[in-house]
Structure formats: structure tokens, C-alpha cells
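The structure appears below as C-alpha cells.
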Amino acid sequence: MVPMKLNQKQQEAYDRFYETTIDDGVLDSRTELLVGLAAAMAMNCQPCTAYYLKRCKTAGVPKEQIQSTLAKVMAVAAGQKRLQAEETLRHLATGY
């Protein structure tokens, strides 16, 4: 099976959009990379995670900052599952 890809016009539009999110002067470069890594982890995008991890390494982002960022992603994911469990238990308690 041949993987589907965006057509050239769509890919160019995506590339232009993505470029607007890089070095826009709002976040410093290290924060930008860590936010990208966190978003990639949260979206479970393995290629994106590998991309941002490599960029973090190249940029000299300290291992401790990467670890802290990944821990925050884990904490948010765990919190979301806790809230989901509480909602499910509420339904159970009311006879669902």
C-alpha cells in the first residue's frame, strides 16, 4: 500500500504555516523547542518527538530541561485520565 501524501499545493501551504511558528520573536529558541517537544509527546507523534529531541540536542538544551518537560507532559496526561476516571465513576454512581 502506497502512503498518501499531501499534494504539492497543500504541502507548500503547510510549510508556510509551520514556518510562521518558528522564530516568531515571542518565545526564545530553547522554549520554542521544549514546547514543540511537549506538543509532539502530547500528540503521540513519534516522528515529531524524534525531530524535536534531535533539535534540542543540537541546540544544547540541558538534559534536565528535557526531562522536566517530559515529566510535565506525563503529569498533564495522567491528570486528564484522572478526570476521565472521575467522570466515569460519577456515571456509575448515578446508575449510568
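Considering only residues that are within 23 Å of D23 (Cα to Cα) and without any contact (Cβ under 8 Å) to a residue 12 or more places away in the chain, which ones fall in region 68-92?
Passing the criteria: only S68.
From E32, E64, grab the single residue that is of a type in the set (D, E) and either within 22 Å of T21 (Cβ to Cβ) or surrounded by 10 or more Cβ atoms within 10 Å (Cβ to Cβ) (or both).
Details: E64 fails: either within 22 Å of T21 (Cβ to Cβ) or surrounded by 10 or more Cβ atoms within 10 Å (Cβ to Cβ) (or both).
Matching residue, one of E32, E64: E32.
Residue-by-condition table, conditions (1) touching a Ser or Thr at 6+ places or on another chain (Cβ under 9 Å); (2) in a helix (DSSP H, G or I); (3) surrounded by 12 or more Cβ atoms within 10 Å (Cβ to Cβ):
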{"site": "Q10", "(1), (2), (3)": "no, yes, no"}
{"site": "E19", "(1), (2), (3)": "no, yes, no"}
{"site": "D23", "(1), (2), (3)": "yes, no, no"}
{"site": "L70", "(1), (2), (3)": "no, yes, yes"}
{"site": "A85", "(1), (2), (3)": "no, yes, no"}
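Would it be correct to say that L27 is surrounded by 15 or more Cβ atoms within 10 Å (Cβ to Cβ) and not in a helix (DSSP H, G or I)? So that I can check it myself, show each step before the final result.
Values: surrounded by 15 or more Cβ atoms within 10 Å (Cβ to Cβ): yes; not in a helix (DSSP H, G or I): yes.
Here the answer is yes, as L27 does meet what is asked.
So which residues in region 52-96 are under 30 Å from D28 (Cα atoms) and either of a type in the set (G, A, S) or in contact with a Cys (Cβ under 7 Å, 6 or more places away or on another chain) (or both)?
If we filter region 52-96 for residues that are under 30 Å from D28 (Cα atoms), which is where we start, we get 52-80.
Hits for region 52-96 are A59, G60, I66, S68, A71, A75, A77, A78, G79.
FYI, it's all coordinate maths here, none of it is from the lab. These figures come from a predicted structure and were not determined experimentally. Every residue, glycine among them, receives a Cβ derived from its backbone with ideal geometry; neighbour counts consider all protein chains shown.
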